[in-house]
Amino acid sequence: MSTLIMIDHPPYGTWIGREALDMAFSLAAFDQPASLLFMGAGVNWLRKPQEAGSIGQKSVEKNLSAAQIFGIDAILADRAACEIYGLDENSLIKGVTLADADAALLSDYDHTTFAG
Amino acid sequence: MTGIHTLHILNKAPDHPRATRCLEMISPDDGLLLIGGGVLFLSTGCLPDAAKVFALTADVDARGIGHLSGNTSMVDYTEMVALSLQAHRVISW
Amino acid sequence: MTDTSTQSFTLVITGAPYTSQAPQTALAFARAAVNLGHRLDRVFLYGDGVHLASALCAPPSDEPHWPEEWSRFLTDHSIPGVACIASALRRGLINETEQKRYELPAANLRAPFEIAGLGDWVEGRIKSARTLYFHAGD
């Protein structure tokens, strides 16, 4: 019953990314396998450092860094999207695994959803 | 109508980034069900030729798009329910 | 095939009424599923979808009243309708319990909708044969 939560909205402009994280953390809290896949502009959630206080929001960087401690199986980032947005191992938060967002990846999960 | 691995339900117009991503991640064993703004794909002719393509009649009619578009099957809500159960998995884009 | 036997669904609506088509597509799907003899375990409103549970929507009289139509459908078929508490409180969808807790001037949650946590979604995700999502189209 593994679930993949996909995030393709860019950071901080909408609440959909945060609400996707809440879904993944909820699954983990109920001991359900859950992973996150960031793709498209969504990979920018994984850039460090984030100073979201400048726009009156709480940074999600700490939440993401602690995701595996809270039971999230994996934080996946689409390799091609990371290249487009200039994200590499120096600029990505720790614990991120690069992956190719394709049909083969989807087939590893029996439930896949966006938060909105 | 059988043997669909994943049913992809797409309600985004063709120039929406998520529509592009959906088409990139479809495999030949999958089905694509166009609903909402997704039915506009029928007027572009840019559809994956491998996957089986369905379109929701109500949304096609609402947008004045003709029913004849290659190998696309028109479905109503009842058939949409059946499709969602026939597929092994469903992803709503 | 599984399509001929009775199956169970959890429907998740993330698009708001009058902002997106999501609630109406979901309602047409829900009616078709019930007519086919399938069971809806729960309808879960998430993100902007919680606006469907507002008792204060007042659309023009010549437009469908989606919150009212959904309420009637849920009541007629005894289907639980749940708005995610975190989504709802942020967006001003409040039941009487939360009104008292936060000392707010009003409550506006339309019956039979209830407010609960994401645990209800997780439960549906585990128990229902299919959990389907209805997102906004933009």
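Couple of notes before you dig in:
Rundown of residues vs (1) part of a helix (DSSP H, G or I); (2) within 24 Å of residue A:115 (Cβ to Cβ), yes/no style:
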{"site": "C:34", "(1), (2)": "yes, no"}
{"site": "C:37", "(1), (2)": "no, no"}
{"site": "C:40", "(1), (2)": "no, yes"}
{"site": "C:43", "(1), (2)": "no, yes"}
{"site": "C:51", "(1), (2)": "yes, yes"}
{"site": "C:57", "(1), (2)": "no, yes"}
{"site": "C:62", "(1), (2)": "no, no"}
{"site": "C:69", "(1), (2)": "yes, no"}
{"site": "C:73", "(1), (2)": "yes, no"}
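- Taken over the range B:1-18, the residue count meeting the criterion of being in a helix (DSSP H, G or I) and surrounded by fewer than 18 Cβ atoms within 10 Å (Cβ to Cβ) is 1.
- Conditions (1) surrounded by 15 or more Cβ atoms within 10 Å (Cβ to Cβ); (2) farther than 26 Å from residue C:87 by Cα; (3) touching a residue at least 40 places away in the same chain (Cβ under 8 Å); number of the one not met by residue A:37: (2)
- Filter result (among the hydroxyl-bearing types (Ser, Thr, Tyr) and more than 11 Å from chain C (Cβ to nearest Cβ)) within the range B:58-93: B:69, B:72, B:73
- Remark: residue C:15 falls outside the filter, which requires a residue to be part of a helix (DSSP H, G or I), in contact with a strand residue (DSSP E or B) (Cβ under 7 Å, 6 or more places away or on another chain) and either within 14 Å of chain B (Cβ to nearest Cβ) or surrounded by fewer than 21 Cβ atoms within 10 Å (Cβ to Cβ) (or both).
- Scan of the range C:24-45 for residues that are in contact (Cβ under 8 Å) with a residue 12 or more places away in the chain, within 12 Å of chain B (Cβ to nearest Cβ) and within 12 Å of residue C:134 (Cβ to Cβ), ordered by number: C:24, C:25, C:26, C:27, C:29, C:30
- Options C:58, C:16: the member that is over 15 Å from the mean Cα position of the chain (by Cα), under 20 Å from residue C:109 (Cβ atoms) and among the small types (Gly, Ala, Ser): C:58
- Those residues of the range C:102-129 which are buried (at least 21 other Cβ atoms within 10 Å of the Cβ), part of a loop (DSSP other than H, G, I, E, B) and not aromatic (Phe, Trp, Tyr), in sequence order: C:118
- When residues in the range A:18-31 are screened for being under 12 Å from residue A:4 (Cβ atoms) and facing another protein chain (nearest Cβ under 7 Å), 2 of them pass.
- Taken together, B:20, B:57, B:72 contain a single residue that is in contact with a Phe, Trp or Tyr (Cβ under 8 Å, 6 or more places away or on another chain), farther than 15 Å from residue C:134 by Cα and not charged (D, E, K, R), which is B:72.
Where a number appears in this text, it was derived from the coordinates with a stated rule and is not lab data. Remember, predicted model here, so these are calculated numbers, not experimental data. Neighbour counts are summed over all protein chains in view; Cβ atoms, including those assigned to glycine, are modelled from backbone coordinates with ideal geometry.
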